[in-house]
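One structure below.
Just so it is clear, none of the values below were taken in a lab; they were calculated from the coordinates. Everything numeric in this text was worked out from a predicted model, so none of it was measured. Please note: Cβ atoms are built from the backbone with ideal geometry, for glycine as well, and neighbour counts cover all protein chains shown.
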Ligand code: SF4
């Protein structure tokens with residue numbers, strides 16, 4: 001008999017295959033392939049992925065991290081969400097410090113990164129020119145995100161990186177019956193919409209534009225992940241906590257993080 005967890009992995013695998021094979025947005029496909037063919041001098045010799053990028057992480061995730069779309073020389077190069085660019089470096093360091101990743105770097109698909117109770121995704125799976133997908137492209141890609149969320153049956157918290165991701169999460173929550181009229185994007189805002197729905201946290205996106213200007217600092221991102229950790233732990237059903245204890249699973253403590261040289265937010 002197939003365990004429920006294994007069934008979810010199989011279905012996420014099928015979804016990933018469908019995403020990678022998609023060619024519904026001609027403009028985006030042309031752009032991704034052109035970027036892949038051209039490359040960038042610093043990545044000379046690298047074979048770009050150049051195809052749509054599926055989500056990545058723990059099928060049993062309680063935290064869903066939602067970005068905008070793969071970066072032209074990040075996910076579009078490496079084939080994994082938030083991998084191989086400056087945004088990924090910031091994000092994964094913060095996730096590691098908060099105990100959501102097994103290592104502080106995300107550089108290539110075979111680098112050994114594992115997300116712990118977290119999953120990374122985006123409302124658009126192809127790198128868009130100037131990071132600006134059109135409305136039609138958002139609409140075309142949205143079924144993949146809906147399907148993914150339906151498969152990730154244990155998500156308790158959405159963490160939206162940037163206003164566009166926040167709007168996508170708000171729409172998803174609205175479709176599940178939440179009253180989303182009062183939800184406004186502001187860095188660090190936390191919205192709890194009732195016990196049956198995931199909570200929503202807003203954060204500035206760790207793009208170079210935000211990190212180079214100091215609009216987003218590492219401490220600010222750490223605070224966001226500390227809030228996510230607190231919500232995940234509080235909203236995890238008691239049976240999950242008992243199962244985790246039975247299997248010896250544990251969350252990184254302040255002591256662990258300090259020993260690893262990270263910032264502690266327990
Ligand atoms: S953005 Fe989404 S819908 Fe459009 S081609 Fe890429 S995977 Fe397909």
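Pairs of alpha-carbon atoms within less than 8 angstrom and 6+ residues apart define the contacts here; what relative contact order does segment 66-123 have, in percent? List each step's numbers first, then the result.
Numbers: 92 pairs, mean separation 20.6, N = 58.
Relative contact order here is 35 percent.
Taking 0.36 nm per residue of separation and subtracting the current Cα-Cα distance, fully stretching the chain between residue 176 and residue 105 would add 22.1 nm. Stretching the chain fully between residue 40 and residue 132 yields a gain of 31.1 nm (0.36 nm per residue, less the alpha carbon separation). Taking a ≥ b ≥ c as the square roots of the eigenvalues of the Cα gyration tensor of segment 9-95, is the shape rounded (a/c under 1.5), prolate (a/b larger than b/c) or oblate? Cα axes put segment 9-95 in the oblate bin. For segment 4-259, the relative contact order comes to 19 percent (Cα pairs under 8 Å, sequence separation of at least 6).
What is the Cα radius of gyration of segment 36-192 over 2.2 N^0.38 Å, N being its residue count? Intermediate values should be presented prior to the final figure.
Values: Rg = 15.4 Å, N = 157, 2.2 N^0.38 = 15.0 Å.
Output field value: 1.03.
Extension gain, residue 11 to residue 215: 0.36 nm times the residue separation minus the Cα-Cα distance gives 69.6 nm. For segment 118-202, how big is the tail of P(r) above 15 Å, as a whole percent of Cα pairs? In whole percent, the share of Cα-Cα pairs in segment 118-202 beyond 15 Å is 58. The protection proxy used here, the mean number of other Cβ atoms lying within 10 Å of each residue, ranks peptides 118-129, 171-182 as follows, highest first: 118-129, 171-182.
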